[in-house]
Amino acid sequence: MKVLITGATGLIGSELTEKLLKNDHSVNYLTTSISKIANKNNYKGFYWNPQDGTIDENCIEGVDVIVHLAGASISKKWTNNYKQELIESRLLSAHLLFGLVKKSQNQVKQFISASGTAIYPDSFSKVYDENSPEIEDSFLSNLVVKWEESANQFQLLSIKTTVLRTGIVFSAKGGALAEMVKPIKFGVGSGFGSGKQVQSWIHIQDLVNLYYFAIINQTEGILNAVAPNPISNQELTKTIARILKKPLILPNIPQFVMKLILGEMHILLFQNKTIIPKRALQLGFKFEFDTAEKALNDILK
Ligand SMILES: NC(=O)c1ccc[n+]([C@@H]2O[C@H](COP(=O)([O-])OP(=O)(O)OC[C@H]3O[C@@H](n4cnc5c(N)ncnc54)[C@H](OP(=O)(O)O)[C@@H]3O)[C@@H](O)[C@H]2O)c1
């Protein structure tokens, strides 16, 4: 199978690329950096610039599946300009791919897009699965809705579409977990707010396996890309500290302090969403890291 990946040079994309190559698939990828373009037998880079509508059209040759991971990082301060970049980097890129697939001779059968759990509203009582109709009214959630619409437009071309609503990715190589771990490592860690807010997370290896599963099984529709056992912020912080054998300083950091430091983005630390991967489990996907304890032991060891 030949897979075209956008954002292949990022945290998730680089691991997915490795998994596909190991299993004898070929990877084409689109990058916004000319310096990241490589050209090997089964691994070929192509330049694009979604902002000005540039794309190397050769990228689509022989491609069976497109995996769209590209997007400006959510963990930078959300100024008005940056909010625009968060939106455009995901939507203009999807539209550019759509235009190319529509006008070219190709054999693309499936379009898979990253998506986010931000779409679900905060709740202490609800457990969300892929059938939950509730949608939060926030900047990030509205972005996710448009992001998923941009993926679903591929159905107009009779292409199967899948979106992976991804929780916080636990990886040793970066992302949100690395930021949570830093202060704890230095002995100045603590929880946030009441610490009761539930966070839905997934080990990078399970996430990559789920993308692979979606490709191999030509999955359609929504998949919650989260582990089956979400965890409260307090438990998560305590577990990290225990594994690292570090103390936690008390009390927890109040929300207004984090708002002063991070601006609107601080809500990521206080979101309270219990989300389960009902469809993945129903489809027979096996999580290797089903509890945060297992995942953190693997990553922080
Ligand atoms: N990591 C998480 O916890 C998490 C959680 C939920 C959802 N997601 C989503 O999953 C996707 C992949 O996440 P990741 O953690 O692998 O992200 P990442 O490490 O930040 O990589 C994203 C890639 O997107 C490309 N990119 C960055 N800015 C861009 C822009 N302005 N225009 C076009 N392309 C741009 C870059 O590739 P080039 O430099 O090669 O162009 C970059 O390597 C993202 O859409 C992210 O929002 C991630």
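Listing for the model above:
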item: Subset of the range 67-82 [modelled with pLDDT under 95 and within 12 Å of the ligand (Cβ to nearest atom)]; result: SER73, ILE74, SER75, LYS76
item: Hey, GLY221 within 16 Å of the ligand (Cβ to nearest atom), surrounded by fewer than 18 Cβ atoms within 10 Å (Cβ to Cβ), touching a residue at least 60 places away in the same chain (Cβ under 8 Å) and among the small types (Gly, Ala, Ser) or not; result: no
item: Residue tally, condition small (Gly, Ala, Ser), in a helix (DSSP H, G or I) and under 30 Å from ASN272 (Cβ atoms), over the range 70-118; result: 3
item: Leading residue by the ranking (farthest from VAL144 (Cα to Cα)) among those in the range 35-66 that are near the ligand (Cβ under 10 Å from one of its atoms) and hydrophobic (A, V, I, L, M, F, W, C); result: ILE37
item: Any hit, the range 247-270, residues being modelled with pLDDT of 95 or more, more than 30 Å from GLN155 (Cβ to Cβ) and of a type outside the set (Gly, Ala, Ser); result: no
item: Of residues in the range 278-292 being in contact (Cβ under 8 Å) with a residue 60 or more places away in the chain and in a loop (DSSP other than H, G, I, E, B), the one nearest to GLN255 (Cα to Cα); result: THR291
item: Filter result for SER132 (free of Cβ contacts under 8 Å to residues at least 60 places away in the same chain and among the small types (Gly, Ala, Ser)); result: yes
item: Close pairs (7 angstrom Cβ cut-off, 6 or more residues apart or separate chains): among the small types (Gly, Ala, Ser) in the range 25-36, more than 10 Å from the ligand (Cβ to nearest atom) and not in a strand (DSSP E or B) anywhere; result: SER26/ASN42
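Table: residues versus (1) of a type outside the set (D, E, K, R); (2) touching a residue at least 60 places away in the same chain (Cβ under 8 Å); (3) within 11 Å of the ligand (Cβ to nearest atom); (4) surrounded by 14 or more Cβ atoms within 10 Å (Cβ to Cβ).
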site: GLN84; (1), (2), (3), (4): yes, no, yes, no
site: ILE87; (1), (2), (3), (4): yes, no, yes, yes
site: LEU91; (1), (2), (3), (4): yes, no, yes, yes
site: HIS95; (1), (2), (3), (4): yes, no, no, yes
site: PHE98; (1), (2), (3), (4): yes, no, no, yes
site: VAL101; (1), (2), (3), (4): yes, no, no, yes
site: LYS109; (1), (2), (3), (4): no, yes, no, yes
site: ALA114; (1), (2), (3), (4): yes, yes, yes, yes
site: ALA118; (1), (2), (3), (4): yes, yes, yes, yes
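The values are calculated or read from the model by the stated rules, or taken from the named source; none is laboratory data. Please read these numbers as outputs of a predicted model, since none were measured by experiment. Neighbour counts run over all protein chains shown; Cβ positions are idealised from the backbone, glycine included.
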